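Single-structure report; data block below.
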Amino acid sequence: MRPIILIPCKRLTGGKSRLAPVLSGDARAALCRRFLRDTLRLACAVGSPADIRVVSADREALQLAADCGVGGEDDPDGELNSALVHAVARSVRPDSPEERRNLLILPIDLVHATPAQISCVLAAPGDIVLTPDRAGRGTNLLRMTGRIAREFHFQYGDDSVSRHLAEALRLDLRAEVLDDPDLAFDIDTPDDYAAWIAGHPQGDSL
């Protein structure tokens, strides 16, 4: 079965604030638009647009999703964990076939991720599968079934890997941690951006 994919997205005009030393506000907004479009294409390569949702308080981000045939879930208070709980409740009905399907949380800035790598995460054993960032503390990808997602307390924020693993333990679930250098690479700091541009020169054309 095709996965359910939730794509969290901050406001495009306020995203990637840590890149302010190297990019203007307009350039950061353009970069976020590019990341979102690329992530929508990635998601559509492994799933059906009907099963993909952008979770955002940003009307422009939701419109970009709609332009790709993808639905949206509003994030009225800007708090990721509560927004995901709301999106899961809307996407996975109790005692429905959706409860047996994979559900994937896919950030917009995994610039090296490929459909094949995403498919490996979806196929990996474990009740919960996550890929950490390069520091081993942040959660980049998170996969579970829809049934588990309805019960799971999302723990995005500081040290989310250990907090997500603790939540899996609370629910008596088997967690699998996949270390993949491409899936670990995200764009948060000026050094991340410089490394991406160095290996991907066309990235500077926003």
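When the Cα positions of Ile108, Thr131, Thr145 are compared along the charge dipole of the range 98-159, Thr145 comes out farthest toward the positive end, with charges on each C-beta of Lys, Arg, Asp and Glu.
Among the GluC sites (Glu not before Pro) in the range 1-103, those located in a DSSP loop and surrounded by at most 16 other Cβ atoms within 10 Å of their own Cβ are Glu79. Quote the FRET efficiency, to the nearest 0.05, computed for Arg18 versus Ser162 with a Förster distance R0 of 22 Å and r equal to the Cβ-Cβ distance. Efficiency computed from Cβ-Cβ geometry: 0.50.
Under a Gaussian network description of the chain, with springs only between Cα atoms under 10 Å, the residue in Asp51, Asp133, Asp191 that fluctuates furthest is Asp191. Simple point charges give the picture: +1 on the Cβ of Lys and Arg, -1 on the Cβ of Asp and Glu, and for the range 9-62 a dipole about the Cα centre of about 140 debye.
Per-residue ellipticity at 222 nm, computed for the chain from helices alone with -39500 (n - 2.57) per DSSP H run of at least four residues, works out to -12000 deg cm²/dmol.
Applying the criteria of a DSSP loop state and at most 16 other Cβ atoms within 10 Å to the trypsin sites (Lys or Arg not before Pro) of the range 125-206 yields Arg134, Arg137, Arg174. The magnitude of the dipole of the chain, with charges of +1 and -1 set on the Cβ of Lys/Arg and Asp/Glu and taken from the Cα centre, is near 380 debye.
With only the Cα atoms considered, the chain has a convex hull volume of 112 Å³ per residue.
For the chain, a Gaussian network of Cα nodes joined below 10 Å ranks Ala135, Ala66, Ala83 by mean-square fluctuation, and the top entry is Ala135.
For the range 30-124, a Kirkwood hydrodynamic radius built from all Cα pairs, placed in the Stokes-Einstein relation at 25 °C and 0.890 mPa s, yields a translational diffusion coefficient of 175 µm²/s.
Relative to the longest principal axis of the Cα atoms of the chain, the long axis of helix 190-199 makes an angle of roughly 80 degrees.
Taking the C-alpha atoms only, the angle from helix 80-91 to the longest principal axis of the chain is near 50 degrees. Build a GNM of the chain with springs between Cα atoms under 10 Å apart, and of Pro97, Pro132, Pro49 the one that fluctuates most is Pro97. Compared with the dominant principal axis of the Cα atoms in the chain, helix 25-46 is inclined by about 40°.
Here, each number is a calculation from the coordinates, and none is a lab measurement. Computed from a prediction, not measured in an experiment: that's the story for all the values here. In this analysis, Cβ positions are derived from the backbone assuming ideal geometry, glycine residues included, and neighbour counts consider all displayed protein chains.
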